[in-house]
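In what follows, a structure is listed as structure tokens, so that the remarks can point back to it.
The values are calculated or read from the model by the stated rules, or taken from the named source; none is laboratory data. As the structure is a prediction and not an experimental result, all values here were calculated from the model. Cβ placement follows ideal geometry from the backbone for every residue including glycine, while neighbour counts extend to all protein chains displayed.
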Amino acid sequence: MPFTAKSGKFNASIRSLTIGIGDKAITLGGECVLPFYSFDAAIENAPKVGIEITDCGMAAEPESVQKYYEGCTSVTDMAKRAAEFDGVDFLSLRLEGGDPNGLNKSIEELIRIVKDVAAAVDLPLVVCGCKSEKKDEELLSKAAEVLNGKNALLLAAKEENYKTVGAAGLACKQVVGAESSVDINLAKQLNVLLTQSGVDPQAIAMNIGSAAAGYGFEYVISTMDRIKAAALSQGDAALQMPIITPVACEVWSVKEVIASESDIPEWGSAKERGIDMEVETATAVLFSGSDAVILKHPESVATISKLIKELV
Amino acid sequence: MGKFVVIGERLSVTAPIINKAFTERDPEPILKRAKQQLDAGAVYLDVNIGPAQSDGADLMKWAVQLLQSEFDNVPLALDTSNKAAIEAGMSVYNRAKGKPIINSADAAGRIEYLDLAAANDAICIALCNGEGIAKDNDERMMYCQTLLERGLEQGMEAEDIWFDPLFLVVKGMQDKQMQILECIKMFSDMGLNSTGGLSNNSNGMPKHIRPIMDSALVAMAMMQGLTSAIVNPNDLRLMETIKSCDILKGNTLYADSYLEI
């Protein structure tokens, strides 16, 4: 009996979503197949790779990353440099200095940085909040205002603040990220709530949560797999938003990455450990359905970008 | 498994207001009812124009174009005993949102509706009935085989034949209800899709009872593997039950707002 290959093309597809403006704008999603199944149907928009810097500048970066930003004296300098690295599709600015339990920088100070960075680079921009949902309401709303016309991604609206952040995205025509911490039902619910509050489903991206490989990671993967399955095989319109996964902020804080070589010599080069962990984590989430990843180390960015180009 | 397919039954000549609108080609009552059904969660809309012997072809064309142009190519079930009207409806049907359903073939005089479905790449409802009501499930399954073979011979995919066990009215045929449910399980065990006019069970009951009976039956039938039903989507209790059963069966992913979507 002849073998007839069954196509894995679905009748449903992930919504396509554009971030940024002009020549550098990127489009996420659009696929009607499982990740990298380009043999079943063309994947029009390959997954995208973003690079992350923070409002804290050089001081917040690990040693192996600092090297790449040598000579930079401001966050804006770093943004310009980051934009030139090989394989960078977009820039992510994490406002971690705003964390009330950390540096607790003022919103004005942070917004100034957002403005400066946006003026310095023409890459699509992702603005990530601090760790406080409350503070993010104002922070991301102000960011949405100063980024007017940039079609930036606000990361993110959460269960606690989706009304305010969603409204800011809607009012200022930015893309809204919906963040659920590895909770598949909440991922769907947030999309429903944002949509009900008036945000266009075409302007929503999901951050369904992440973890560094080894840190509850199998749960991240199974959640992502199930979301893609529901979106494509069940045609669930409330889950057909593209997924963006911040990897850097998870990876660069685990002990396998930050332990020094003198403390644990048998683990080998700290730099390689960090890049390895970032590349491994990013690869896994891409193969589970992330349409974009956010990384920190320029070598990770170049590696993942090459991987994507070879496969799509 | 995919979500349960609700086929809205309210565009039917059995409703005087719709009958009149069909006759007079008056869009307004038809569009109003169509919208109510779609808003409530209907996937397909049944368009029952009756026998429509004189102007069936013209009427079906008009109805298909009216509904599909107003509601983004909403998928439709073309429901009439006038074959030419079904053909005419399909000639103007846009399948962007789903194949047309032909409602319906049976194992007696209307078996050639399957040929029509095969020739037009349509879905066909196959009523497991010959002349008169089947006496037991042996007879229903014999009709099922006959219909399945006919469809496959004509080149249809099995998944495009939706078997209808013929839901029977409780008042008068209470003893047949479990048979029907067992029949659905047999369809399901064979991997077949199924549908039917489920609310027939509550015919003749007081108005306030019907949603309760229909909801109970749909839950039991979905447990047995029913994949679709031709029902009134504006029956809130029924739709809530279907949506909840879809969650429990894993046909759709749970979210707190699942009843609203």
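Put simply, of B:PRO27, B:PRO16, B:PRO51 the only residue that is over 23 Å from B:ARG237 (Cβ atoms) and touching a Leu at 6+ places or on another chain (Cβ under 7 Å) is B:PRO27. Can you name the residue in the range B:207-261 that is within 14 Å of another protein chain (Cβ to nearest Cβ), touching a residue at least 24 places away in the same chain (Cβ under 8 Å) and surrounded by 15 or more Cβ atoms within 10 Å (Cβ to Cβ) and is also nearest to A:LYS188 (Cα to Cα) among such residues? Out of the qualifying residues, it is B:THR252.
Exactly one residue out of A:ALA212, A:ALA178 is in contact with a Phe, Trp or Tyr (Cβ under 9 Å, 6 or more places away or on another chain) and at pLDDT below 95, and it is A:ALA212.
Go through A:ALA178, A:ALA237, A:ALA168, A:ALA229 for me and flag whichever is surrounded by 21 or more Cβ atoms within 10 Å (Cβ to Cβ) and within 14 Å of chain B (Cβ to nearest Cβ).
Just a single option satisfies the conditions, and that option is A:ALA178.
For every residue, the table says whether it meets (1) away from chain A (no Cβ under 14 Å); (2) of a type in the set (Val, Ile, Thr); (3) under 30 Å from A:GLN234 (Cα atoms).
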| residue | (1), (2), (3) |
| --- | --- |
| B:GLY2 | no, no, yes |
| B:GLY8 | yes, no, yes |
| B:ILE17 | yes, yes, no |
| B:PHE22 | yes, no, no |
| B:GLU28 | yes, no, no |
| B:LEU31 | yes, no, yes |
| B:LYS35 | yes, no, yes |
| B:GLY41 | no, no, yes |
| B:ASP46 | yes, no, yes |
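Look at (1) within 14 Å of chain B (Cβ to nearest Cβ); (2) surrounded by fewer than 18 Cβ atoms within 10 Å (Cβ to Cβ); (3) in contact with a strand residue (DSSP E or B) (Cβ under 9 Å, 6 or more places away or on another chain) and you find that A:GLN202 fails only one, number (1).
Scanning the range A:70-95 for residues that are surrounded by fewer than 20 Cβ atoms within 10 Å (Cβ to Cβ) and not β-branched (Val, Ile, Thr) turns up A:GLU70, A:GLY71, A:CYS72, A:SER74, A:ASP77, A:LYS80, A:ARG81, A:ALA83, A:GLU84, A:PHE85, A:ASP86.
Taking the condition within 14 Å of chain B (Cβ to nearest Cβ), over 16 Å from the mean Cα position of the chain (by Cα) and surrounded by fewer than 21 Cβ atoms within 10 Å (Cβ to Cβ), does A:GLN196 pass?
On the way: within 14 Å of chain B (Cβ to nearest Cβ): yes; over 16 Å from the mean Cα position of the chain (by Cα): yes; surrounded by fewer than 21 Cβ atoms within 10 Å (Cβ to Cβ): yes.
For A:GLN196, the condition - within 14 Å of chain B (Cβ to nearest Cβ), over 16 Å from the mean Cα position of the chain (by Cα) and surrounded by fewer than 21 Cβ atoms within 10 Å (Cβ to Cβ) - is met.
Considering only residues in the range A:41-59 that are surrounded by fewer than 17 Cβ atoms within 10 Å (Cβ to Cβ) and in contact (Cβ under 8 Å) with a residue 24 or more places away in the chain, the one that is nearest to A:VAL247 (Cα to Cα) turns out to be A:GLU44.
Among the conditions (1) in contact with a Pro (Cβ under 9 Å, 6 or more places away or on another chain); (2) part of a helix (DSSP H, G or I), B:LEU114 misses just one, which is (1). Scanning the range A:38-61 for residues that are part of a loop (DSSP other than H, G, I, E, B), over 18 Å from A:ILE19 (Cα atoms) and touching a helix residue (DSSP H, G or I) at 6+ places or on another chain (Cβ under 6 Å) yields A:ASP55, A:CYS56.
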